[in-house]
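Data block below; observations after.
The values are calculated or read from the model by the stated rules, or taken from the named source; none is laboratory data. Keep in mind that what you see is a predicted model, and the values were worked out from it rather than measured. So basically every Cβ, Gly included, is an ideal-geometry build from the backbone, and we count neighbours across all protein chains shown. Ligands, DNA and RNA are stripped out before the accessible areas are found, and what is left, the full protein with its side chains, is counted by its heavy atoms. Shrake-Rupley method; radii C 1.70, N 1.55, O 1.52, S 1.80 Å.
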Amino acid sequence: MNSPATELLRPQGPKSPLTLRTVTADEAGQRIDNFLMRHFKTVPRSRVYRLLRKGEVRVNRKRVDAEYRIQEGDEVRLPPVRIEVDAQPGRPSSSLLELLERAVIFQDRHLLVIDKPAGVAVHGGSGMSFGVIEALRASRPRETLELVHRLDRDTSGCLLIARDRSTLTALHALIRNGGMHKTYLALVAGSWQLGTKRIDAPLATDNRQHGERHVRVATAGKDSVSVFKPVQFFGQLATLMEVDIPTGRTHQIRVHASFAGHPLLGDDKYGDRARNADLKAHGLKRTFLHAQSVAFEWPGSGVPFHVSAPLPEELTAVLDTITPMKRAGPKAKAARKAKSAKRARAP
């Protein structure tokens with residue numbers, strides 16, 4: 001973190017002017033934080049969020065949080081911001097650009113889908129100068145690229161990027177209306193005995209601990225629904241789960257899994273330290289969460305769309321190292337019972 005003295009020594013440029021912007025039809029539907037980052041292109045993300053927290057950005061003369069979606073006709077107050085002289089956008093490394101281009105699993109003139117590698121953030125910031133979206137914009141400078149949704153930095157799998165504003169607006173409306181189906185694979189601690197379980201627990205995303213966002217279940221939070229379905233059991237150690245999320249809140253699966261008493265393995269924020277240590281010995285180096293597939297019907301035409309990404313090798317290797325202890329079926333249980341009874345009758 002820079003000290004006040006460092007801030008004073010940094011070369012200062014002129015302030016941008018106070019601006020009142022009316023949201024157009026093409027801009028409607030996007031989150032206010034994304035709108036601001038496109039306007040203040042060389043301003044650090046942390047400062048953009050600080051402008052929102054302090055209420056310096058107003059929509060229709062009111063404070064809004066970062067998740068507010070702007071509407072056509074909204075009046076946005078863009079405050080004066082001083083930009084450092086040396087705050088010029090750089091360029092992502094060639095290795096990152098190549099990694100992301102290799103990760104493309106689908107593209108047409110409207111949509112780009114990548115199998116996001118774990119460890120790469122969707123946005124720059126938090127110690128990373130460039131995330132997925134900045135790198136893709138640098139490698140495709142003539143395109144209008146916008147994130148349709150987000151994934152945590154540690155999460156791998158399907159990430160959708162719109163290639164035009166109309167596609168972004170249509171898919172955002174689809175998400176709001178529950179028309180996009182996102183399925184994840186997650187490894188949770190312990191033996192899940194709840195069957196297929198729908199967890200409907202509202203989440204508050206405005207809580208911060210040690211400067212980091214910490215999401216919690218709260219009555220006054222936003223509606224959040226996750227459906228957990230067990231896929232494979234690994235004794236008392238772990239259970240592989242398929243998770244569908246009709247809603248897409250920050251850290252939703254991680255918090256709901258912990259709320260159910262079976263936190264995601266490898267999760268150092270909401271997880272279990274002892275269980276994480278057990279799985280680390282089996283090669284798990286990050287949160288075991290993978291965005292396996294996305295499916296929806298294209299608005300207007302109704303044409304079905306489905307894309308999937310296989311479980312990464314590093315997670316498959318973890319499953320290979322832990323021996324599945326499959327539950328015995330009724331016939332096997334009956335056979336064991338009969339065998340026991342026979343031994344009991346033997347002289």
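Scanning the stretch 125-141 for residues that are within 16 Å of the chain's Cα centre (by Cα), on the phi < 0 side of the Ramachandran plot and part of a loop (DSSP other than H, G, I, E, B) yields one hit, Gly131. Across the stretch 236-247, what is the total count of residues that are touching a helix residue (DSSP H, G or I) at 6+ places or on another chain (Cβ under 9 Å) and either surrounded by fewer than 16 Cβ atoms within 10 Å (Cβ to Cβ) or part of a strand (DSSP E or B) (or both)? Residues in the stretch 236-247 being touching a helix residue (DSSP H, G or I) at 6+ places or on another chain (Cβ under 9 Å) and either surrounded by fewer than 16 Cβ atoms within 10 Å (Cβ to Cβ) or part of a strand (DSSP E or B) (or both): 4 in total. With Ser139, Ser166 as the choices, which residue is open to solvent by 10 Å² or more (accessible area, probe 1.4 Å), small (Gly, Ala, Ser) and out of contact with any His (no Cβ under 9 Å at 6 or more places or on another chain)? The unique qualifying residue is Ser139. In the stretch 41-64, the residue that is most open to solvent (accessible area, probe 1.4 Å) out of those that are of a type outside the set (S, T, N, Q), part of a loop (DSSP other than H, G, I, E, B) and at pLDDT 80 or above is Arg61.
On the basis of being under 21 Å from Gln30 (Cβ atoms), among the β-branched types (Val, Ile, Thr), open to solvent by 10 Å² or more (accessible area, probe 1.4 Å) and in a loop (DSSP other than H, G, I, E, B), does Thr144 make the cut? Here the answer is yes, as Thr144 does meet what is asked. Number of residues in the stretch 149-172 that are at pLDDT 90 or above, at negative phi and small (Gly, Ala, Ser) equals 3. For the stretch 234-258, taking the residues that are small (Gly, Ala, Ser) and farther than 23 Å from Arg31 by Cβ, the one that is modelled with the lowest pLDDT is identified as Gly235. The set of residues from the stretch 189-214 being within 14 Å of Gln252 (Cα to Cα) and modelled with pLDDT of 90 or more comprises Arg198, Ile199, Asp200, Ala201, Pro202, Leu203. Considering every residue within the stretch 149-157, establish whether at least one is within 22 Å of Leu264 (Cα to Cα), out of contact with any Lys or Arg (no Cβ under 9 Å at 6 or more places or on another chain) and open to solvent by less than 60 Å² (accessible area, probe 1.4 Å). No, that holds for no residue.
Condition check ((1) among the charged types (D, E, K, R); (2) surrounded by fewer than 16 Cβ atoms within 10 Å (Cβ to Cβ)) across all residues:
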site	(1), (2)
Gln252	no, no
Arg273	yes, yes
Thr287	no, no
Pro304	no, yes
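The C-beta contact set for the stretch 87-110 (first residue open to solvent by less than 80 Å² (accessible area, probe 1.4 Å), second residue modelled with pLDDT of 95 or more, distance under 6 angstrom, 6+ apart or interchain) comprises Ala103/Ile114; Ala103/Asp115; Val104/Ile114; Ile105/Val113; Ile105/Asp115; Phe106/Val113; Phe106/Val307.
Please enumerate the residues belonging to the stretch 221-235 that are in a loop (DSSP other than H, G, I, E, B) and either within 15 Å of Tyr184 (Cβ to Cβ) or of a type in the set (A, V, I, L, M) (or both). Ser224 - this is the single residue of the stretch 221-235 that is in a loop (DSSP other than H, G, I, E, B) and either within 15 Å of Tyr184 (Cβ to Cβ) or of a type in the set (A, V, I, L, M) (or both). Give me a count of the residues in the stretch 236-260 that are of a type outside the set (Val, Ile, Thr), within 13 Å of the chain's Cα centre (by Cα) and within 13 Å of Val188 (Cβ to Cβ). Count: 1.
Scanning the stretch 173-187 for residues that are in contact with an Asp or Glu (Cβ under 8 Å, 6 or more places away or on another chain), touching a residue at least 40 places away in the same chain (Cβ under 8 Å) and among the basic types (Lys, Arg) turns up at least one hit. Exactly one residue among Ala257, Ala201 is within 22 Å of Ser293 (Cβ to Cβ) and either open to solvent by 10 Å² or more (accessible area, probe 1.4 Å) or not hydroxyl-bearing (Ser, Thr, Tyr) (or both), and that residue is Ala257.
Of all residues in the stretch 221-237, those that are on the phi > 0 side of the Ramachandran plot have Cβ atoms under 9 Å from Cβ atoms of residues that are open to solvent by less than 10 Å² (accessible area, probe 1.4 Å) and not acidic (Asp, Glu), 6 or more apart or on another chain, in Gly235/Ile322. Of all residues in the stretch 181-198, those satisfying the criterion of being within 23 Å of the chain's Cα centre (by Cα), of a type outside the set (S, T, N, Q) and open to solvent by 30 Å² or more (accessible area, probe 1.4 Å) are His181, Lys197, Arg198.
Which residue, of Leu171, Leu160, is open to solvent by less than 20 Å² (accessible area, probe 1.4 Å), in contact with a strand residue (DSSP E or B) (Cβ under 8 Å, 6 or more places away or on another chain) and not in a strand (DSSP E or B)? The conditions single out Leu171. Taking the conditions exactly as written (modelled with pLDDT under 90, buried (at least 19 other Cβ atoms within 10 Å of the Cβ) and under 22 Å from Ile32 (Cα atoms)), does Gly178 satisfy them or not? It is false that Gly178 is modelled with pLDDT under 90, buried (at least 19 other Cβ atoms within 10 Å of the Cβ) and under 22 Å from Ile32 (Cα atoms).
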